[in-house]
Amino acid sequence: MTTVLNPTSISSLKTEPLKEPLSGASRVHFIVGDPIAQVKSPQGVSQAFHDRGHNAYVMPAHVAPADLATWLAGVSLAHNVDGVIVTVPHKFACFDLCTTTTERASFLHAVNTMRRNADGTWHGDMFDGLGFVAALRDNGCAPERKKVLLVGAGGAGSAIAHALVMAGVRELAIFDDNDQRRSTLVDRLAGLGRCPVSHGSADPTGFDVVVNATPVGMQAHDPYPLDVERLTASMFVGCVITAPAVTPLIAAARAKGCHTMTGSHMFARVRDLMVDFLL
(Lines give C-alpha, C1' and ligand atoms only; values in the text may rest on other atoms or scores of the structure.)
Protein backbone atom coordinates (compact mmCIF):
# COMPACT_ATOMS: atom_id res chain seq x y z
CA MET A 1 0.00 0.00 0.00
CA THR A 2 1.44 3.34 -1.01
CA THR A 3 1.82 6.15 1.50
CA VAL A 4 0.65 9.56 0.25
CA LEU A 5 2.31 12.79 1.33
CA ASN A 6 0.13 15.81 1.90
CA PRO A 7 0.80 18.87 -0.34
CA THR A 8 2.85 20.64 2.33
CA SER A 9 5.17 17.67 2.71
CA ILE A 10 5.50 17.21 -1.04
CA SER A 11 6.57 20.80 -1.63
CA SER A 12 8.92 20.72 1.33
CA LEU A 13 10.89 17.85 -0.23
CA LYS A 14 11.49 19.57 -3.58
CA THR A 15 14.94 21.02 -4.24
CA GLU A 16 15.81 24.03 -6.39
CA PRO A 17 19.04 25.87 -7.16
CA LEU A 18 20.13 27.85 -4.10
CA LYS A 19 19.56 31.57 -4.51
CA GLU A 20 22.83 32.79 -2.98
CA PRO A 21 26.18 31.40 -4.16
CA LEU A 22 28.52 30.19 -1.44
CA SER A 23 30.80 33.11 -0.58
CA GLY A 24 32.73 34.68 2.25
CA ALA A 25 29.52 36.37 3.35
CA SER A 26 27.62 33.08 3.78
CA ARG A 27 26.70 32.01 7.30
CA VAL A 28 27.80 28.48 8.15
CA HIS A 29 26.01 25.68 9.97
CA PHE A 30 27.24 22.12 10.43
CA ILE A 31 25.55 18.77 10.73
CA VAL A 32 27.70 16.44 12.82
CA GLY A 33 27.41 12.68 12.96
CA ASP A 34 29.16 9.33 12.66
CA PRO A 35 28.44 8.26 9.90
CA ILE A 36 27.30 11.32 7.94
CA ALA A 37 26.93 10.33 4.27
CA GLN A 38 23.25 9.40 4.66
CA VAL A 39 21.96 12.77 5.97
CA LYS A 40 19.67 15.07 4.00
CA SER A 41 20.29 18.30 5.92
CA PRO A 42 23.15 19.80 3.85
CA GLN A 43 20.85 20.22 0.84
CA GLY A 44 17.47 20.30 2.59
CA VAL A 45 18.21 22.82 5.33
CA SER A 46 20.38 24.98 3.06
CA GLN A 47 17.41 25.10 0.68
CA ALA A 48 15.10 26.13 3.52
CA PHE A 49 17.48 28.91 4.59
CA HIS A 50 17.62 30.30 1.06
CA ASP A 51 13.84 30.04 0.62
CA ARG A 52 13.58 32.37 3.61
CA GLY A 53 16.08 34.84 2.16
CA HIS A 54 18.98 33.82 4.40
CA ASN A 55 22.43 33.27 2.88
CA ALA A 56 23.45 30.22 4.90
CA TYR A 57 24.76 26.74 4.15
CA VAL A 58 24.87 23.47 6.07
CA MET A 59 28.14 21.53 5.87
CA PRO A 60 28.51 17.85 6.83
CA ALA A 61 31.06 16.94 9.50
CA HIS A 62 32.00 13.30 10.09
CA VAL A 63 33.26 13.28 13.68
CA ALA A 64 33.93 10.27 15.90
CA PRO A 65 32.51 10.36 19.45
CA ALA A 66 35.97 10.62 21.02
CA ASP A 67 36.67 13.78 19.02
CA LEU A 68 33.30 15.51 19.41
CA ALA A 69 34.14 17.94 22.22
CA THR A 70 37.43 18.95 20.59
CA TRP A 71 35.71 19.44 17.23
CA LEU A 72 32.98 21.64 18.71
CA ALA A 73 35.51 23.72 20.63
CA GLY A 74 37.36 24.38 17.39
CA VAL A 75 34.22 25.15 15.40
CA SER A 76 33.09 27.56 18.10
CA LEU A 77 36.10 29.77 17.39
CA ALA A 78 34.73 30.65 13.95
CA HIS A 79 32.58 33.78 14.16
CA ASN A 80 30.58 32.88 11.05
CA VAL A 81 29.34 29.54 12.44
CA ASP A 82 25.80 30.04 13.73
CA GLY A 83 24.46 26.56 14.34
CA VAL A 84 24.99 22.83 14.58
CA ILE A 85 22.53 20.09 13.64
CA VAL A 86 23.20 16.86 15.51
CA THR A 87 22.63 13.30 14.31
CA VAL A 88 23.58 9.77 15.38
CA PRO A 89 25.34 9.10 17.74
CA HIS A 90 25.95 12.55 19.22
CA LYS A 91 22.55 13.73 20.49
CA PHE A 92 23.18 12.86 24.13
CA ALA A 93 26.80 14.04 24.11
CA CYS A 94 25.91 17.39 22.54
CA PHE A 95 23.38 18.02 25.31
CA ASP A 96 26.31 18.00 27.73
CA LEU A 97 28.18 20.46 25.49
CA CYS A 98 25.34 23.02 25.55
CA THR A 99 25.41 25.80 28.13
CA THR A 100 21.63 26.23 27.93
CA THR A 101 18.78 24.09 26.58
CA THR A 102 15.00 24.11 26.32
CA GLU A 103 12.86 22.33 28.90
CA ARG A 104 12.13 19.55 26.36
CA ALA A 105 15.83 18.92 25.70
CA SER A 106 16.54 19.03 29.43
CA PHE A 107 13.97 16.31 30.07
CA LEU A 108 15.42 14.12 27.33
CA HIS A 109 19.09 14.95 28.02
CA ALA A 110 19.46 15.13 24.23
CA VAL A 111 19.56 17.77 21.50
CA ASN A 112 19.42 17.66 17.72
CA THR A 113 19.87 21.39 17.03
CA MET A 114 22.18 23.98 18.59
CA ARG A 115 22.37 27.74 18.05
CA ARG A 116 24.62 30.42 19.46
CA ASN A 117 23.87 32.28 22.65
CA ALA A 118 24.86 35.96 22.72
CA ASP A 119 28.10 35.06 24.52
CA GLY A 120 29.06 32.48 21.88
CA THR A 121 28.07 29.40 23.88
CA TRP A 122 25.49 26.92 22.65
CA HIS A 123 21.73 26.63 23.24
CA GLY A 124 20.08 23.32 22.31
CA ASP A 125 16.65 21.88 21.55
CA MET A 126 15.29 18.54 20.32
CA PHE A 127 12.79 18.39 17.44
CA ASP A 128 12.84 14.73 16.37
CA GLY A 129 9.76 13.90 18.41
CA LEU A 130 7.66 16.87 17.38
CA GLY A 131 8.57 16.33 13.73
CA PHE A 132 7.78 12.63 13.87
CA VAL A 133 4.34 13.17 15.42
CA ALA A 134 3.56 15.88 12.85
CA ALA A 135 4.55 13.49 10.07
CA LEU A 136 2.33 10.78 11.57
CA ARG A 137 -0.61 13.16 11.35
CA ASP A 138 0.31 14.17 7.79
CA ASN A 139 0.07 10.53 6.81
CA GLY A 140 -3.30 9.93 8.42
CA CYS A 141 -2.28 8.49 11.79
CA ALA A 142 -3.58 10.43 14.79
CA PRO A 143 -1.60 9.15 17.81
CA GLU A 144 -4.27 9.87 20.40
CA ARG A 145 -5.55 6.72 22.15
CA LYS A 146 -3.26 4.46 20.13
CA LYS A 147 -1.24 1.58 21.56
CA VAL A 148 2.31 2.12 20.29
CA LEU A 149 5.44 -0.03 20.08
CA LEU A 150 8.64 2.02 19.71
CA VAL A 151 11.90 0.29 18.80
CA GLY A 152 14.91 2.37 19.82
CA ALA A 153 15.66 4.41 22.94
CA GLY A 154 18.50 6.50 21.53
CA GLY A 155 18.37 10.23 20.86
CA ALA A 156 15.65 10.15 18.21
CA GLY A 157 13.78 7.33 19.92
CA SER A 158 13.73 9.15 23.26
CA ALA A 159 12.38 12.30 21.62
CA ILE A 160 9.72 10.38 19.70
CA ALA A 161 8.69 8.50 22.85
CA HIS A 162 8.29 11.76 24.77
CA ALA A 163 6.32 13.38 21.95
CA LEU A 164 4.00 10.37 21.65
CA VAL A 165 3.28 10.40 25.37
CA MET A 166 2.63 14.14 25.28
CA ALA A 167 0.36 13.68 22.22
CA GLY A 168 -1.93 11.37 24.20
CA VAL A 169 -1.19 7.78 23.20
CA ARG A 170 -3.10 5.19 25.22
CA GLU A 171 -0.05 3.05 25.93
CA LEU A 172 3.63 3.01 24.93
CA ALA A 173 6.00 0.03 24.93
CA ILE A 174 9.71 0.60 24.26
CA PHE A 175 12.17 -1.99 22.98
CA ASP A 176 15.95 -1.46 22.85
CA ASP A 177 18.92 -3.83 23.08
CA ASN A 178 20.52 -1.48 25.61
CA ASP A 179 18.63 -2.45 28.76
CA GLN A 180 19.92 0.43 30.87
CA ARG A 181 19.04 3.05 28.27
CA ARG A 182 15.60 1.54 27.78
CA SER A 183 14.91 1.30 31.51
CA THR A 184 15.95 4.89 32.09
CA LEU A 185 13.62 6.14 29.37
CA VAL A 186 10.68 3.95 30.48
CA ASP A 187 11.02 5.10 34.08
CA ARG A 188 11.26 8.79 33.23
CA LEU A 189 8.28 8.72 30.87
CA ALA A 190 6.18 6.64 33.25
CA GLY A 191 6.93 9.24 35.90
CA LEU A 192 5.00 11.82 33.87
CA GLY A 193 1.81 9.92 34.72
CA ARG A 194 0.22 10.51 31.32
CA CYS A 195 -0.11 6.88 30.17
CA PRO A 196 1.29 3.41 30.91
CA VAL A 197 4.87 3.07 29.63
CA SER A 198 6.42 -0.40 29.61
CA HIS A 199 9.26 -2.57 28.35
CA GLY A 200 8.41 -3.94 24.91
CA SER A 201 9.88 -6.60 22.64
CA ALA A 202 10.43 -7.16 18.93
CA ASP A 203 6.91 -8.62 18.69
CA PRO A 204 4.41 -6.03 17.34
CA THR A 205 1.34 -8.19 18.07
CA GLY A 206 -1.55 -6.16 19.46
CA PHE A 207 -0.18 -2.70 18.69
CA ASP A 208 -1.88 -0.01 16.60
CA VAL A 209 1.31 1.84 15.68
CA VAL A 210 4.82 0.42 15.28
CA VAL A 211 7.85 2.71 15.02
CA ASN A 212 11.47 1.97 14.15
CA ALA A 213 13.67 4.70 15.67
CA THR A 214 16.95 2.85 15.17
CA PRO A 215 19.50 2.88 12.32
CA VAL A 216 18.70 -0.79 11.62
CA GLY A 217 17.75 -0.90 7.95
CA MET A 218 20.32 1.57 6.64
CA GLN A 219 22.61 -1.21 5.44
CA ALA A 220 21.59 -3.90 2.95
CA HIS A 221 22.73 -6.68 5.29
CA ASP A 222 20.80 -5.39 8.33
CA PRO A 223 18.18 -7.62 9.93
CA TYR A 224 14.67 -6.30 10.49
CA PRO A 225 14.40 -4.21 13.68
CA LEU A 226 11.31 -6.21 14.70
CA ASP A 227 9.34 -9.33 13.77
CA VAL A 228 7.75 -8.31 10.45
CA GLU A 229 5.93 -11.65 10.15
CA ARG A 230 3.65 -10.50 12.98
CA LEU A 231 2.64 -7.24 11.30
CA THR A 232 -0.99 -7.00 10.24
CA ALA A 233 -2.76 -4.70 7.79
CA SER A 234 -4.47 -2.79 10.60
CA MET A 235 -1.14 -1.49 11.92
CA PHE A 236 0.52 1.81 11.01
CA VAL A 237 4.30 1.46 10.60
CA GLY A 238 6.78 4.33 10.71
CA CYS A 239 10.55 4.52 10.31
CA VAL A 240 13.07 7.33 10.93
CA ILE A 241 15.62 6.24 8.30
CA THR A 242 15.98 8.55 5.28
CA ALA A 243 18.38 6.43 3.21
CA PRO A 244 17.28 4.12 1.74
CA ALA A 245 14.05 6.02 1.14
CA VAL A 246 12.05 2.81 1.58
CA THR A 247 13.64 0.55 4.17
CA PRO A 248 13.12 -3.22 4.23
CA LEU A 249 10.78 -2.70 7.21
CA ILE A 250 8.60 -0.25 5.30
CA ALA A 251 8.61 -2.48 2.23
CA ALA A 252 7.56 -5.48 4.33
CA ALA A 253 4.85 -3.44 6.06
CA ARG A 254 3.44 -2.26 2.73
CA ALA A 255 3.43 -5.84 1.48
CA LYS A 256 1.28 -6.71 4.50
CA GLY A 257 -1.13 -3.88 3.64
CA CYS A 258 -0.03 -1.49 6.39
CA HIS A 259 -0.21 2.27 6.06
CA THR A 260 3.30 3.69 6.51
CA MET A 261 5.48 6.76 6.84
CA THR A 262 9.15 7.05 5.98
CA GLY A 263 12.09 8.95 7.39
CA SER A 264 11.77 11.48 4.58
CA HIS A 265 8.31 12.42 5.86
CA MET A 266 9.77 12.99 9.32
CA PHE A 267 12.76 14.90 7.94
CA ALA A 268 10.55 17.43 6.15
CA ARG A 269 8.78 18.28 9.41
CA VAL A 270 11.91 18.25 11.58
CA ARG A 271 13.71 20.46 9.06
CA ASP A 272 11.11 23.21 9.32
CA LEU A 273 11.29 23.15 13.13
CA MET A 274 15.10 23.29 13.06
CA VAL A 275 15.15 26.22 10.66
CA ASP A 276 12.65 28.15 12.80
CA PHE A 277 14.94 27.58 15.78
CA LEU A 278 18.19 28.43 13.99
CA LEU A 279 16.85 31.64 12.48
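Within the range 237-275, being assigned to a helix (DSSP H, G or I) and more than 16 Å from the chain's Cα centre (by Cα) holds for Pro248, Leu249, Ile250, Ala251, Ala252, Ala253, Arg254, Ala255.
Residues checked against (1) in a loop (DSSP other than H, G, I, E, B); (2) modelled with pLDDT under 95; (3) among the charged types (D, E, K, R); (4) assigned by TED's automatic domain parsing to the domain that holds His54:
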{"residue": "His79", "(1), (2), (3), (4)": "yes, no, no, yes"}
{"residue": "Phe95", "(1), (2), (3), (4)": "no, no, no, yes"}
{"residue": "Ala135", "(1), (2), (3), (4)": "no, no, no, no"}
{"residue": "Leu149", "(1), (2), (3), (4)": "no, no, no, no"}
{"residue": "His162", "(1), (2), (3), (4)": "no, no, no, no"}
{"residue": "Met166", "(1), (2), (3), (4)": "no, no, no, no"}
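If you go through the range 240-266 and pick out every residue that is out of contact with any Ser or Thr (no Cβ under 9 Å at 6 or more places or on another chain) and more than 24 Å from Gly44 (Cβ to Cβ), you end up with 2. Pairing residues of the range 186-215 that are within 14 Å of Phe175 (Cα to Cα) with residues that are assigned to a strand (DSSP E or B) and among the basic types (Lys, Arg), at Cβ distances under 6 Å and at least 6 apart in sequence or on separate chains, gives Phe207/Lys147.
Please specify each residue of the range 236-250 satisfying the condition of being touching a strand residue (DSSP E or B) at 6+ places or on another chain (Cβ under 9 Å) and among the small types (Gly, Ala, Ser). Within the range 236-250, Gly238 is the sole residue that qualifies. From the list Ser12, Ser23, the one residue that fits, being at pLDDT below 95 and more than 30 Å from Ala220 (Cα to Cα), is Ser23.
Of Gly83, Gly74, which residue is in contact (Cβ under 8 Å) with a residue 60 or more places away in the chain and farther than 24 Å from Ser183 by Cα?
Every option except Gly83 fails the conditions.
When Val32, Val58, Val63, Val45 are screened for being in contact with a His (Cβ under 8 Å, 6 or more places away or on another chain), modelled with pLDDT under 95 and closer than 21 Å to Arg116 by Cβ, only Val45 passes. Inspect the range 266-279 for any residue being modelled with pLDDT of 95 or more, farther than 30 Å from Met114 by Cα, surrounded by fewer than 23 Cβ atoms within 10 Å (Cβ to Cβ) and touching a strand residue (DSSP E or B) at 6+ places or on another chain (Cβ under 6 Å) and give the result as yes or no. Looking for residues that are modelled with pLDDT of 95 or more, farther than 30 Å from Met114 by Cα, surrounded by fewer than 23 Cβ atoms within 10 Å (Cβ to Cβ) and touching a strand residue (DSSP E or B) at 6+ places or on another chain (Cβ under 6 Å), one finds none in the range 266-279, hence no.
Total residues in the range 169-195 satisfying the condition of being in a loop (DSSP other than H, G, I, E, B) and surrounded by 14 or more Cβ atoms within 10 Å (Cβ to Cβ): the figure is 4. Residues that are buried (at least 18 other Cβ atoms within 10 Å of the Cβ) and either closer than 16 Å to Thr87 by Cα or at pLDDT below 95 (or both) within the range 221-264 comprise Cys239, Val240, Ile241, Thr242, Gly263, Ser264, listed in sequence order.
Is there a residue being touching a strand residue (DSSP E or B) at 6+ places or on another chain (Cβ under 9 Å), under 25 Å from Arg254 (Cα atoms) and either free of Cβ contacts under 8 Å to residues at least 60 places away in the same chain or of a type outside the set (Ser, Thr, Tyr) (or both) anywhere in the range 175-182? Looking for residues that are touching a strand residue (DSSP E or B) at 6+ places or on another chain (Cβ under 9 Å), under 25 Å from Arg254 (Cα atoms) and either free of Cβ contacts under 8 Å to residues at least 60 places away in the same chain or of a type outside the set (Ser, Thr, Tyr) (or both), one finds at least one in the range 175-182, hence yes.
Return the residue satisfying two criteria in turn: it lies in the range 97-133 and is assigned to a loop (DSSP other than H, G, I, E, B) and of a type in the set (Val, Ile, Thr), and of such residues it is farthest from Thr214 (Cα to Cα). So the residue we want is Thr121. Kindly establish whether Val210 is among the β-branched types (Val, Ile, Thr), crowded, with 17+ Cβ neighbours inside 10 Å, modelled with pLDDT of 95 or more and closer than 17 Å to Lys147 by Cβ. For Val210, the condition - among the β-branched types (Val, Ile, Thr), crowded, with 17+ Cβ neighbours inside 10 Å, modelled with pLDDT of 95 or more and closer than 17 Å to Lys147 by Cβ - is met.
Within the range 141-173, being touching a Gly at 6+ places or on another chain (Cβ under 7 Å), without any contact (Cβ under 8 Å) to a residue 40 or more places away in the chain and under 22 Å from Phe267 (Cα atoms) holds for Glu144, Ala163.
The values are calculated or read from the model by the stated rules, or taken from the named source; none is laboratory data. In this text the structure is predicted, and so the values were computed from the model without any measurement. Cβ sites come from the backbone with ideal geometry, for glycine too, and all protein chains shown count toward neighbours.
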